[in-house]
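J.: Sharing a structure with you now.
The values are calculated or read from the model by the stated rules, or taken from the named source; none is laboratory data. All values reported here derive from a predicted model rather than from experimental measurement. Cβ sites come from the backbone with ideal geometry, for glycine too, and all protein chains shown count toward neighbours.
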Amino acid sequence: MKKIHIVGIIVIAVAIGVIFTSLRSSATYSDFTEALANPDTEYHVVGKLDKNQPQVYEPKINPDEFTFTMIDNKGVEKKVVLHKSKPQDFERSEQIVLIGKMQGDEFHANDILMKCPSKYNDGKPQI
Amino acid sequence: MKNEITYIGEHLWAGQLGNAFLVLSFVASFVALVAYYLSKKNFEYLKLARTAFYTHSLSVFGIAATLFYMLFNHFYEYQYVWQHSNNSMPMRYIFSCFWEGQEGSFLLWTFWNVILGLFLRRSLNNEWEASVMTIFSLVQVFLASMLLGVYIGDYKIGLNPFLLLREHPDYYNLPFVQSYIQNTNYLAKVDGKGLNPLLMNYWMTIHPPTLFLGFASTLPPFAFALVGLWKRKYTQWQGMALPWTFFSIMILGIGILMGGAWAYEALSFGGFWAWDPVENSSLVPWLLIVGAGHVMIINKNKAGSLFTTHLLAIGSFLLVLYSTFLTRSGILGNASVHAFTDLGMQGQLVLYVLTFVLLCVAFLLDNSLLRVSYVMTSVLMVFFTSIYGYQKFAFYIWITGSIVLTFYAYNKYFPKENDEEELFSREFWIFLGSLMLLLSSLIITYFTSIPVLNKLFDINKAPLKVEDYNLWIAPFAILIAILMACAQFLKYKHSDKKQFFSKLKYSGIAALLFGGICSVPLYFMKDFSEASSLQKWNLISYALLLISASFSVFSNIDYMLRMLKGKISKAGASIAHIGFALILIGVLISTSKKVTLSKSAVIKKAENVNKELDSQKNILLTQGDTLPMGPYLVTYIGKERVGIDVYFKVNYFTLDKDNKPILAFQLQPKIQDNPRMGQAADPDTKHYLNRDIYTHITAADLNTEVNTKNKDAFNSPKNYIGHISDTIYASNAIIRIDSLRTNMNEQQYAKNDSLLEVTAVLKAMNENGEVFWAYPKYIIRKNMIEPSVYEIKELGLKFSFWKINPQDGSVEITMSEKVKNSKDFIVMEAIMFPYINVLWLGCLTMAFGTGIAIIERLRKLKISNSKNAS
């Protein structure tokens with residue numbers, strides 16, 4: 001057996017390892033209902049900000065806590081506790097991706113991604 | 001729909017000129033493709049081919065010049081100019097406007113390709129020119145078509161930068177465009193939308209051209225490698241391609257690191273690398289081209305890794321194409337912080353990537369029957385899927401078939417070595433290194449492609465986190481660092497084991513001592529015992545990486561001094577390796593030992609914060625107050641607005657011997673109040689030789705207008721709805737609704753003219769923990785509400801209790817505060833990056849070393865050419 005074959009086997013082993021572990025461990029996009037059913041699993045939940053519910057950011061109490069309400073893509077509404085400061089331009093977001101877990105009836109997120117209106121489509125002229 | 005109205009002030013000639021250049025550049029590249037192809041058999045066509053390529057080059061310059069002219073002179077009748085520039089913009093950013101849009105960046109790419117093509121053509125003899133430039137022209141045909149913007153049926157090909165605003169399909173129907181069209185003199189009123197202010201900095205001027213030159217520079221090695229397959233001359237091209245490959249390593253490397261520096265200096269990621277798909281998809285081609293450069297060096301001495309060379313050189317370019325697809329098709333969607341938009345080119349980009357994959361596999365097959373049937377089958381599959389659907393299914397079959405054929409071709413057509421490579425030979429170790437690069441790029445590509453895989457296999461996987469990337473890449477970095485340290489000390493074919501070890505002995509011991517001693521306080525003092533098993537593994541891998549990277553630095557310095565006797569012209573490789581090892585060390589220490597200074601200052605007030613999610617990062621600074629933060633005392637002085645930027649001045653003090661604070665430095669992180677993009681934080685960093693203090697504002701009030709109101713006046717009251725034990729937040733106190741008391745019983749109520757009186761007991765606690773009470777009353781007399789106001793004089797707070805909602809038992813209370821209560825404050829994150837300068841030093845060293853290697857390779861190429869000629 002040539003060394004190159006041993007190397008080849010290692011390559012294949014690593015490849016299988018990568019695919020296997022990533023399929024098993026990495027989080028999936030989901031919704032609140034599924035997150036509620038598995039409170040210990042981390043989920044990426046996609047949804048929209050409910051602008052009618054209060055957003056609380058009191059940096060004097062805790063600069064790293066921001067609460068608001070999000071409606072997921074299935075229409076389920078949950079209170080969200082984001083363990084970060086309130087993102088800039090939060091109100092302008094069109095879509096939110098939260099990364100975190102369900103705790104009781106609150107979704108505790110440790111990270112957030114926001115999609116803001118595209119700079120390509122806001123066709124207002126400046127006169 | 002064409003109307004015959006002439007509009008005043010339009011410069012229609014510019015668009016016509018631009019479009020003429022566009023068409024000419026497309027046609028000329030096509031002619032060059034055909035003529036170069038024919039000249040492979042008959043050199044007489046070369047003249048036509050060259051003329052066509054020159055024409056193509058001139059028209060590309062023409063397109064660029066026209067677009068510049070239009071931007072310079074504010075021809076807002078054109079959508080691209082209107083979209084990306086305006087009257088108030090400083091002229092020095094005109095280049096940034098040029099490549100802000102997709103059309104402009106494709107043009108930039110084409111432009112660099114043309115420049116490289118002109119140099120490449122001159123360096124080749126007739127035979128090689130004919131075939132290499134065929135491939136080159138083919139790429140140019142594709143790129144030129146990306147700018148055409150013509151419709152075939154309903155399908156648009158490319159994005160045209162010379163469209164009139166009033167005719168642009170995306171803007172035609174907008175009301176303001178419609179209202180302009182009524183007015184023939186509309187141009188007198190229009191100003192452009194302007195460059196995104198976020199991009200108005202010098203990085204935007206230098207980063208895109210460098211990165212695109214880097215992308216373009218992967219084309220010559222690709223063209224050479226493809227010709228190598230085509231002509232079945234697997235080795236001959238490699239000497240010629242080597243300087244180009246090194247050039248690509250240097251420029252693409254600089255381009256990527258510039259992107260990192262930009263992110264670190266001007267954007268608020270909180271670091272220089274975030275494993276974002278955009279970053280990954282430019283890193284992967286670089287890893288592959290580095291691998292390609294290394295196996296080419298082996299092949300110069302012993303042609304043993306021919307297949308790998310072709311795979312790496314071709315893969316690098318294909319992954320540049322793939323990255324174009326990833327970043328411009330909108331497929332990344334939720335996976336990236338970068339703003340992506342689908343401009344309707346997804347299908348076209350997929351088709352381009354697949355065409356080049358098809359081409360490469362077809363060239364691999366050295367059997368015309370097999371080759372023709374492969375191409376025909378693929379074309380038929382495209383044809384039938386476009387009619388009947390089943391695209392995904394067809395794609396699975398096709399990609400599997402292509403991979404099988406690639407393996408088949410490798411087994412069947414590539415010359416195999418008969419003798420086995422020795423374990424202690426330079427070629428084997430370099431080969432291993434390239435393999436590590438290939439493997440790590442496969443892993444990164446796989447993870448980055450998760451959004452694509454989601455679409456292909458109808459799954460729903462979320463993108464990977466930064467820590468997961470780090471975890472996967474660390475072992476490869478360790479192995480690569482060790483290989484970099486050792487390989488140069490090995491001889492080709494065979495080396496003596498004892499000599500090898502004795503040469504490496506000193507740098508090995510030095511690295512073990514240095515790395516070992518450094519990593520004890522860095523990773524094993526207090527962190528280790530508390531760490532979870534995964535973190536333990538991380539810490540061990542950090543220590544190993546530190547040792548192996550410093551091994552690499554020491555042994556390459558040693559090699560330069562002892563083996564090369566300090567001869568700089570030969571030391572390109574050693575210097576570049578030192579640079580790369582320094583980059584690894586800089587990245588490792590600055591990332592693994594970064595300290596969030598703003599964290600330690602926070603006094604935990606919320607008790608039931610979940611431990612696992614507890615990620616205290618930010619500090620609240622009230623204007624004028626001084627707080628300890630890490631080794632500093634910090635004070636927020638005030639803010640100042642300059643244009644759309646609001647600067648927040650924060651002073652940093654250190655204590656001297658007598659414990660008196662002395663001003664160390666001032667930082668002014670800013671928030672850009674960007675009319676187009678909203679608010680964006682722009683960090684400010686204090687650079688020391690051994691550490692950086694990086695800060696950015698995470699929350700603040702941008703209003704800088706001086707409050708002229710009387711300080712003792714009360715602000716307008718705010719209403720709060722709540723139940724007992726709910727909390728109301730004032731600027732200077734926390735107020736809890738303690739209880740509600742009914743002051744009268746029913747009999748009294750009946751007696752006293754239907755009088756109802758409820759008192760809300762409010763418990764207010766200020767920052768020092770002092771408690772004050774307030775008793776606003778809710779009084780109903782004869783069905784009329786008579787609110788009574790209660791003021792806490794010490795706190796400057798007024799309450800009035802004015803409503804009870806019987807349905808849910810909630811109460812409504814208004815609170816007004818004295819103007820002077822609300823001091824301005826900012827919420828800030830501060831991070832210390834230790835030894836980040838090692839990273840930048842490494843970048844410069846690597847670029848310098850690669851530059852020397854290019855010069856040396858060019859010199860060698862010249863010598864071998866003149867030998868061949870004589």
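J.: Just name the residue that is surrounded by the fewest Cβ atoms within 10 Å (Cβ to Cβ) out of those in the stretch B:657-693 that are touching a residue at least 24 places away in the same chain (Cβ under 8 Å) and of a type in the set (Val, Ile, Thr).
T.: Here the answer is B:Thr685.
J.: Which residues, counting only those in the stretch A:80-106, are surrounded by fewer than 17 Cβ atoms within 10 Å (Cβ to Cβ), more than 8 Å from chain B (Cβ to nearest Cβ) and under 30 Å from B:Asn732 (Cα atoms)?
T.: Of everything in the stretch A:80-106, those that are surrounded by fewer than 17 Cβ atoms within 10 Å (Cβ to Cβ), more than 8 Å from chain B (Cβ to nearest Cβ) and under 30 Å from B:Asn732 (Cα atoms) turn out to be A:Glu91, A:Glu106.
One line per residue, one yes/no per condition, for (1) touching a Leu at 6+ places or on another chain (Cβ under 7 Å); (2) farther than 21 Å from B:Tyr37 by Cα; (3) free of Cβ contacts under 8 Å to residues at least 40 places away in the same chain:
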{"residue": "B:Asn201", "(1), (2), (3)": "no, yes, no"}
{"residue": "B:Thr205", "(1), (2), (3)": "no, yes, no"}
{"residue": "B:Leu211", "(1), (2), (3)": "no, yes, no"}
{"residue": "B:Leu226", "(1), (2), (3)": "no, no, no"}
{"residue": "B:Trp230", "(1), (2), (3)": "no, no, no"}
{"residue": "B:Gly239", "(1), (2), (3)": "yes, yes, no"}
{"residue": "B:Leu242", "(1), (2), (3)": "no, yes, no"}
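J.: So which residues in the stretch B:547-572 are at pLDDT 90 or above and not in a helix (DSSP H, G or I)?
T.: B:Ala571
J.: Let me ask something else. I'd like the full set of residues that are of a type in the set (S, T, N, Q) and more than 40 Å from the chain's Cα centre (by Cα), limited to the stretch B:477-526. Don't jump to the end; show me each part of the working.
T.: Step one: filter the stretch B:477-526 for residues of a type in the set (S, T, N, Q), giving B:488, B:495, B:499, B:502, B:507, B:519.
The answer is B:Ser495, B:Gln499, B:Ser502.
J.: Filter the stretch B:75-117 for residues that are part of a helix (DSSP H, G or I) and of a type in the set (Gly, Ala, Ser); which is modelled with the highest pLDDT? Spell out how you get there, then give the answer.
T.: From the stretch B:75-117, those part of a helix (DSSP H, G or I) are B:79-84, B:91-98, B:102-117; that's our starting set.
Then drop every residue that is not of a type in the set (Gly, Ala, Ser), which leaves B:96, B:104-105, B:117.
Values: B:Ser96: 89, B:Gly104: 91, B:Ser105: 89, B:Gly117: 96.
Out of the qualifying residues, it is B:Gly117.
J.: Counting only residues that are part of a helix (DSSP H, G or I) and within 14 Å of another protein chain (Cβ to nearest Cβ), how many does the stretch B:176-203 have?
T.: Residues of the stretch B:176-203 part of a helix (DSSP H, G or I): B:176-181, B:186-188, B:197-199, B:202-203.
Going one step further and asking which of them are within 14 Å of another protein chain (Cβ to nearest Cβ), we end up with B:176-181, B:186-188, B:197-199.
Residues flagged as part of a helix (DSSP H, G or I) and within 14 Å of another protein chain (Cβ to nearest Cβ) within the stretch B:176-203 amount to 12.
J.: Could I ask something else about it? Of everything in the stretch B:164-175 that's at the interface with chain A (Cβ under 10 Å from one of its Cβ atoms) and part of a helix (DSSP H, G or I), which residue is modelled with the lowest pLDDT?
T.: Out of the qualifying residues, it is B:Pro175.
J.: Can you find a residue that is outside any helix (DSSP H, G or I), of a type in the set (Gly, Ala, Ser) and under 23 Å from the mean Cα position of the chain (by Cα) anywhere in the stretch B:210-220? Spell out the reasoning first.
T.: Pass one, the stretch B:210-220, residues outside any helix (DSSP H, G or I): B:217-218.
Cutting the leftovers down to of a type in the set (Gly, Ala, Ser) gives us B:217.
From what is left, the residues that are under 23 Å from the mean Cα position of the chain (by Cα) are B:217.
Yes: one or more hits.
J.: Go through the residues of the stretch B:417-438 one by one and say whether even a single one is farther than 30 Å from B:Lys505 by Cβ, buried (at least 17 other Cβ atoms within 10 Å of the Cβ), modelled with pLDDT under 90 and among the hydrophobic types (A, V, I, L, M, F, W, C).
T.: Looking for residues that are farther than 30 Å from B:Lys505 by Cβ, buried (at least 17 other Cβ atoms within 10 Å of the Cβ), modelled with pLDDT under 90 and among the hydrophobic types (A, V, I, L, M, F, W, C), one finds none in the stretch B:417-438, hence no.
J.: Give the residue that is surrounded by the most Cβ atoms within 10 Å (Cβ to Cβ), with candidates limited to residues of the stretch A:21-53 that are more than 14 Å from chain B (Cβ to nearest Cβ) and assigned to a loop (DSSP other than H, G, I, E, B).
T.: A:Asp50
J.: Quick one: B:Phe30 ticks every box in (1) of a type in the set (Phe, Trp, Tyr); (2) assigned to a helix (DSSP H, G or I); (3) under 32 Å from the mean Cα position of the chain (by Cα); (4) surrounded by 18 or more Cβ atoms within 10 Å (Cβ to Cβ) except a single one, so which number is it?
T.: So B:Phe30 meets the others, but not (3).
J.: Further question: So, of the residues in the stretch B:252-307 that are aliphatic (A, V, I, L, M) and part of a loop (DSSP other than H, G, I, E, B), which turns out to be surrounded by the most Cβ atoms within 10 Å (Cβ to Cβ)?
T.: Step one: list which residues in the stretch B:252-307 are aliphatic (A, V, I, L, M), which gives B:252, B:254, B:256-258, B:261, B:263, B:266-267, B:274, B:278, B:283-284, B:287-290, B:292, B:295-298, B:303, B:306.
Among the residues that remain, those that are also part of a loop (DSSP other than H, G, I, E, B) are: B:267, B:274, B:303.
Details: B:Leu267: 20, B:Ala274: 18, B:Ala303: 15.
Looking at residues that are aliphatic (A, V, I, L, M) and part of a loop (DSSP other than H, G, I, E, B), I get B:Leu267.
J.: When you check B:Phe136 against the structure, is it aromatic (Phe, Trp, Tyr), crowded, with 18+ Cβ neighbours inside 10 Å, away from chain A (no Cβ under 13 Å) and over 30 Å from B:Ser864 (Cβ atoms), yes or no? Before the answer, list the steps.
T.: Numbers: aromatic (Phe, Trp, Tyr): yes; crowded, with 18+ Cβ neighbours inside 10 Å: yes; away from chain A (no Cβ under 13 Å): yes; over 30 Å from B:Ser864 (Cβ atoms): no.
Here the answer is no, as B:Phe136 does not meet what is asked.
J.: On to the next question. Here are the criteria: (1) modelled with pLDDT of 90 or more; (2) more than 30 Å from B:Leu627 (Cβ to Cβ). Tell me which single one B:Ile589 does not satisfy.
T.: That leaves (2) as the condition not met.
J.: Has the stretch B:752-770 got at least one residue that is among the small types (Gly, Ala, Ser) and modelled with pLDDT of 85 or more? Even if it seems obvious, please write down each step before you answer.
T.: Filtering the stretch B:752-770 for residues among the small types (Gly, Ala, Ser) gives B:754, B:760, B:764, B:769.
Adding the requirement that they be modelled with pLDDT of 85 or more leaves B:760, B:764.
Among the residues of the stretch B:752-770, at least one is among the small types (Gly, Ala, Ser) and modelled with pLDDT of 85 or more, which makes the answer yes.
J.: What are the residues in the stretch B:451-464 that are among the charged types (D, E, K, R) and in contact (Cβ under 8 Å) with a residue 12 or more places away in the chain, if any? Even if it seems obvious, please write down each step before you answer.
T.: Looking only at the stretch B:451-464, we keep the residues that are among the charged types (D, E, K, R), and these are B:455, B:458, B:461.
Hit for the stretch B:451-464 is B:Lys455, nothing else.
J.: Right, next: What about B:Ser316, is it surrounded by fewer than 24 Cβ atoms within 10 Å (Cβ to Cβ), hydroxyl-bearing (Ser, Thr, Tyr) and modelled with pLDDT of 90 or more?
T.: Values: surrounded by fewer than 24 Cβ atoms within 10 Å (Cβ to Cβ): no; hydroxyl-bearing (Ser, Thr, Tyr): yes; modelled with pLDDT of 90 or more: yes.
Judged against the criteria, B:Ser316 is not a match.
J.: Could you list, in sequence order, all residues of the stretch B:454-476 that are under 21 Å from the mean Cα position of the chain (by Cα) and part of a helix (DSSP H, G or I)?
T.: B:Val466, B:Glu467, B:Asp468, B:Tyr469, B:Asn470, B:Leu471, B:Trp472, B:Ile473, B:Ala474
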